[in-house]
Structure formats: structure tokens, C-alpha cells
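A short write-up of the structure that comes next.
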Amino acid sequence: MASRNPSFFRRIGLAFSVLFGAELAGRLVRMRDEAAAADAEAEASAGTEEAAAPTRPVLVHETTPEAALQLLGLLQRDARFIDFVQEDIGAYSDADIGAAARVVHEGCRKVLDEHFAIAPVRSEAEGSRLTLPEGFDAAAVRLTGKVVGKPPFTGTLGHRGWRVTDTRLPALAEGHDASVIAQAEVEL
């Protein structure tokens, strides 16, 4: 049976679910690591056994895009984020764009503060030198530059990273159409 890949919007929903759900992200990392270990073990034993037992497929928890759409709705409501991004700003002066960006920034920050607890991935100051030992969390730290060999790696922290430690999105009412992230307004 052919596998059915999720649609673009389903993948966006999955991405937001992983991004804002530390528990789900942890489960995915563990499942990926288990699958890699099983593959390595199967390759190692393939030479000694005539027929290796088939590996069990990794099941990924499918989510719906509602949380991502809800976040976009909150950013639109409090920061006019979609309006700002969808606007053609070519005709505006830098001062006008800067003033609008200030409003959008304040609104986005309000949404983040109200609905998420966010903490740095690394506690060191950006620009500090650090050493990553063998077994460092590759899901939390991305190596850049000339990456050669095996850990420990010593380098300069270019960005501390961000981790969501708590999510407080409001519950959606039954039948709510989350795809409508901003209602059209009709003045009477």
C-alpha cells in the first residue's frame, strides 16, 4: 500500500505542534533515535543473518493545523501581523515602515508573553566560547561552519536559541472554523 504524505497545511500544523509542544518534540526525537539505532542494528546484523526481520514502522502522531491557525489569529488580532506581512510596503517610507513595525512588534510580544513561556536553549552569552561534549542534544543545537569529525566540538555561540517551556492557547469552541484567522469587517 502506498504511503499518503500529509498536505502542506497539515505539515505546517505538525511543525507548529512540534515547535510549541516540548513533549511531542521529545517523543519525535526519541522515535527518530530509536529508528536510527534499529536501522544501524539491522545493517550490522544483515551480514550475519540470511533474512533480517522487518523493522517496525515509526508512527508519528498526526496533529491538525488548528493550533497554528489559532496562533496566526492571535497575532492578527493583537499585532495586525497578517495585515503587515501581506501589505506591499514598497511605496512607504522607512519611517512609516518603522512605525508600523513597532506596533506589530509590541503586539507580537504581547501574544508571546500571554500564551507561551519561552526560555533560551543555552544560558551562555552570545559570542562566548563553549565546548559541546559527545552526546549533546543535536535537536537543540545546530552546528554551523566547518563541521568535521566527532564531538567534543568547541566553537562560538552565535545564537542562544529559544525553547517553549509552556503553551497556554485558549480552548476552541465546538464547530469553530480556525481557518478564519481574521473575520471580514462590515460597517453598517
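The values are calculated or read from the model by the stated rules, or taken from the named source; none is laboratory data. Just so it is clear, the structure is predicted and the values come from calculations on it, not from any experiment. Cβ coordinates were reconstructed from backbone atoms using ideal geometry, including for glycine residues, and neighbour counts include every protein chain displayed. We work out accessible area using only protein heavy atoms, side chains counted, and drop any ligands, DNA or RNA first. Shrake-Rupley method; radii C 1.70, N 1.55, O 1.52, S 1.80 Å.
Structure values in brief
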{"quantity": "Hits in segment 156-183 (condition: modelled with pLDDT under 95 and small (Gly, Ala, Ser))", "calculated": "ALA171, ALA173, GLY175, ALA178, SER179, ALA182"}
{"quantity": "Filtered residue count, segment 74-106, keeping only those that are outside any loop (DSSP other than H, G, I, E, B) and in contact with a helix residue (DSSP H, G or I) (Cβ under 9 Å, 6 or more places away or on another chain)", "calculated": "20"}
{"quantity": "Residue check, PRO170 more than 30 Å from GLU126 (Cα to Cα) and either touching a helix residue (DSSP H, G or I) at 6+ places or on another chain (Cβ under 6 Å) or open to solvent by less than 70 Å² (accessible area, probe 1.4 Å) (or both)", "calculated": "yes"}
{"quantity": "Yes/no for ARG56 being open to solvent by 90 Å² or more (accessible area, probe 1.4 Å) and touching a residue at least 24 places away in the same chain (Cβ under 8 Å)", "calculated": "no"}
{"quantity": "Hits in segment 97-108 - residues which are open to solvent by less than 100 Å² (accessible area, probe 1.4 Å) and either within 11 Å of PHE81 (Cα to Cα) or of a type in the set (Phe, Trp, Tyr) (or both)", "calculated": "ALA100, ALA101, VAL103, VAL104, GLY107, CYS108"}
{"quantity": "Output for segment 71-85, where each listed residue is closer than 16 Å to VAL180 by Cα and either among the acidic types (Asp, Glu) or open to solvent by 60 Å² or more (accessible area, probe 1.4 Å) (or both)", "calculated": "ARG77, ASP78, ARG80, PHE81, ASP83"}
{"quantity": "Answer from VAL141, VAL164, VAL111 - the residue that is within 25 Å of the chain's Cα centre (by Cα) and over 26 Å from ILE82 (Cα atoms)", "calculated": "VAL141"}
{"quantity": "Members of segment 112-150 found to be without any contact (Cβ under 8 Å) to a residue 12 or more places away in the chain, within 28 Å of ALA79 (Cβ to Cβ) and surrounded by 12 or more Cβ atoms within 10 Å (Cβ to Cβ), listed by number", "calculated": "LEU112"}
